[in-house]
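Each reported figure results from applying straightforward, stated rules to the coordinates on display, with no laboratory input. Note that the structure is a prediction, hence the values are computed from the model and not measured. Please note: Cβ atoms are built from the backbone with ideal geometry, for glycine as well, and neighbour counts cover all protein chains shown.
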Amino acid sequence: MATYTIDTYEVRIRSSRPTTELNPLKAVAGIYLYEGGQYRGYAYFFHDGTPLAPAIVDDANGQIYVHYNLSQFAAILQLLREEEPVYLYGFDPTYAGLQTGGEPTGEEEGLDG
């Protein structure tokens, strides 16, 4: 099991890949995740309807690779922009992803901008 606190990220949206191609080997967007400047993995996004590969939990290199539908891209990008802390976790290939720390209810984040 691994959990990393994500403090920086990079977004890549590929212009040469159509969003209609249901190919689990060709992501149309990716978010690269870092902890203290160290690469910890990525979140790749595939056109909705594409069969998603299981997550890859690479404990030896301290990296986790997760796969999402393209319709989840905006929500995950918003989570990275607005929440703190954000964790990348991987227990096994079927139980991995991104999560936030405890958040107080009623903060109304994002309503002003």
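The table below lists the values:
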| item | result |
| --- | --- |
| Table column - 3J(HN,Hα) (Hz), the range 87-96, Karplus curve with 6.51, -1.76, 1.60, x for Gly and Pro | 10, 9, 10, x, 8, 6, x, 9, 9, 8 |
| Over the chain: helical MRE at 222 nm, DSSP H runs n ≥ 4 each giving -39500 (n - 2.57), nearest 500 | -2500 deg cm²/dmol |
| Distance in nm between pseudo-label sites at TYR39 and ALA74 (7 Å out along the Cβ direction from Cα) | 3.0 |
| Cα-centre dipole for the chain with unit charges at Cβ (Lys and Arg positive, Asp and Glu negative), debye to 20 | 740 |
| Per-selection Rg to Rh, the chain - Cα, Kirkwood hydrodynamic radius | 0.98 |
| Percentage relative contact order, the range 2-100, counting C-alpha pairs under 8 Å, at least six apart | 27 |
